[in-house]
Amino acid sequence: MSLPAAALDAPAAPPADRPLKEFVTSVEKDGSITFRLYAPSAKAVAVHLGSHDPIALQRSDDGIWTGKTEPLKPNLYEYYFNVDGFRSIDPGTNSPKPQRQVNTSLILVPGSILDTRNVPHGDLRLVTLHSKALNSERQMYVYTPPGYSDPSKPLPVLYLYHGFGDTAASWVEQGRAPQILDNLLAEKKIEPMIVVIPDTETDVPDAIAENFPAAERRKDFYPANAEAADRELIEDLIPYMNSHYQVRSDADGRAVAGLSQGGYQALVSGLSHLGTFGWIGTFSGVSTTTVPNKAVDAALNEPDKINKALRNLTVTVGSKDQVVGKDVAGLKAVLDDKKIAHDYHEYQDLQHEMDVWRPSLVAFLEKVFKK
């Protein structure tokens, strides 16, 4: 028999006579991270930091659990607490990982291209629009480069999709796309462009992510969702951008890319609409090796048409990726066999993670829309 909520004691709060910094996680000057969690009643606490081994935290007499890393290289890290077997985000920060079910926190060790630097900054807008294709209200992020308010000419557009379980904010908050774009533009390494970040998940009745067991995701969810997202892109998003922004309308001025499930979306939309996109990037992407798509398979059987239509097809993956390793290997084998031109890069000793996808985005941005 469960107790009524009123019978349970309220969770303990840090004492008000001490500064809050003594109770929350912080990045130290040397790049190390000190993890702190105020949990006086907990019996055991550990922190899981990316691919590092779990760190057991030690409890002080005042109920603060603490653990410290060695100095880390500049990067944005994922982590979560294991509190007596319960997975918890860090309540002492304001940086949860954008997810449909939030269970991870983010922390930035500064000193890389992911930093917000003193450079000209683009604008990031959250746009809400009605999707006729999906019959629902949808949101997407639109990044415009510095000076866009008075552009001298229409700009190219990159449509950038996130992965399964995340949200449209993933490329913004965790991918750090705005900072990457600002910093690369300031260094004159990329062309000025607009970047549209849609929600990869369509939430149409036959493709609601939470309705599918993980074992059936490739069979039932990915195909239905990809078809719906493709209709939204072609029928709603591209027309919206054409009517609301000064954008190029030629294929060479339009790119589509994504990570994991978003990489599959890039393949589906990019190869299904040759002549609409001139550039495709799939970063650790699901492929037709495990999720068949008739339009993609038909396009892959016309290699000359692909080679003529695309300026670039980029495929990347971590060498230890256990999630989509089979997908990427299968796609690469087809591309090699059909002699379809593509750039392939394998990130050594990395898995299915942002340390593959952020560098993949940087490399893709540095070649896309170049003459």
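Quick rundown of the values:
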{"read-out": "Options Ser105, Ser95: the member that is among the polar types (S, T, N, Q) and in contact with a Leu (Cβ under 9 Å, 6 or more places away or on another chain)", "value": "Ser95"}
{"read-out": "Where Ile33 falls short, out of the listed (1) open to solvent by 60 Å² or more (accessible area, probe 1.4 Å); (2) over 19 Å from Asn103 (Cα atoms); (3) among the aliphatic types (A, V, I, L, M)", "value": "(1)"}
{"read-out": "Which numbered condition Ala46 fails, given (1) in a strand (DSSP E or B); (2) of a type in the set (Gly, Ala, Ser); (3) surrounded by fewer than 14 Cβ atoms within 10 Å (Cβ to Cβ)", "value": "(3)"}
{"read-out": "Cross-chain or 6+ apart pairs with Cβ under 6 Å, region 307-329 first and of a type in the set (Asp, Glu), then open to solvent by 10 Å² or more (accessible area, probe 1.4 Å)", "value": "Asp321/Gln351; Asp321/His352; Asp327/Thr289; Asp327/Thr290"}
{"read-out": "Within region 51-126, strands (runs of 3 or more DSSP E) holding 2 or more residues that are closer than 28 Å to Lys188 by Cα and either among the aliphatic types (A, V, I, L, M) or under 22 Å from the mean Cα position of the chain (by Cα) (or both)", "value": "75-83, 105-109"}
{"read-out": "Residue that is of a type in the set (Phe, Trp, Tyr), surrounded by 12 or more Cβ atoms within 10 Å (Cβ to Cβ) and out of contact with any Ser or Thr (no Cβ under 8 Å at 6 or more places or on another chain), where the choices are Phe81, Phe23", "value": "Phe23"}
{"read-out": "Residue under evaluation Glu353, criteria (1) at pLDDT 95 or above; (2) more than 20 Å from the chain's Cα centre (by Cα), criterion not met", "value": "(2)"}
{"read-out": "Long-range neighbours under 7 Å by Cβ, at least six apart or interchain, first residue more than 23 Å from Ala12 (Cα to Cα) and in contact (Cβ under 8 Å) with a residue 40 or more places away in the chain within region 48-63, second part of a loop (DSSP other than H, G, I, E, B) and not hydrophobic (A, V, I, L, M, F, W, C)", "value": "Ser51/Gln351"}
{"read-out": "Matching entry among Ala214, Ala186 (being surrounded by fewer than 20 Cβ atoms within 10 Å (Cβ to Cβ), under 22 Å from Gly318 (Cβ atoms) and not polar (S, T, N, Q))", "value": "Ala214"}
{"read-out": "Candidates Ala266, Ala255 - the one that is open to solvent by less than 40 Å² (accessible area, probe 1.4 Å), in contact (Cβ under 8 Å) with a residue 12 or more places away in the chain and not in a helix (DSSP H, G or I)", "value": "Ala255"}
{"read-out": "Condition broken by Ser152, with the remaining ones in (1) touching a helix residue (DSSP H, G or I) at 6+ places or on another chain (Cβ under 9 Å); (2) part of a loop (DSSP other than H, G, I, E, B); (3) open to solvent by 40 Å² or more (accessible area, probe 1.4 Å) satisfied", "value": "(1)"}
{"read-out": "Sole residue being over 14 Å from Ala257 (Cα atoms), at pLDDT 95 or above, touching a Leu at 6+ places or on another chain (Cβ under 7 Å) and in a helix (DSSP H, G or I), chosen from Lys326, Lys332, Lys305", "value": "Lys305"}
{"read-out": "Single match in Asp206, Asp199 (criterion: open to solvent by 10 Å² or more (accessible area, probe 1.4 Å), closer than 24 Å to Gly278 by Cα and of a type outside the set (S, T, N, Q))", "value": "Asp199"}
{"read-out": "The lone exception for Asp123 - which of (1) touching a Ser or Thr at 6+ places or on another chain (Cβ under 8 Å); (2) open to solvent by less than 40 Å² (accessible area, probe 1.4 Å) it fails", "value": "(2)"}
{"read-out": "Some residue of region 282-293 being in a strand (DSSP E or B), open to solvent by less than 10 Å² (accessible area, probe 1.4 Å) and free of Cβ contacts under 8 Å to residues at least 60 places away in the same chain", "value": "yes"}
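The values are calculated or read from the model by the stated rules, or taken from the named source; none is laboratory data. Quick caveat: nothing in here was measured; it's all calculated off a predicted structure. Virtual Cβ from ideal backbone geometry, glycine too; neighbours counted across all protein chains shown. These accessible areas exclude ligands, DNA and RNA; they are computed on the full protein's heavy atoms, side chains included. Shrake-Rupley method; radii C 1.70, N 1.55, O 1.52, S 1.80 Å.
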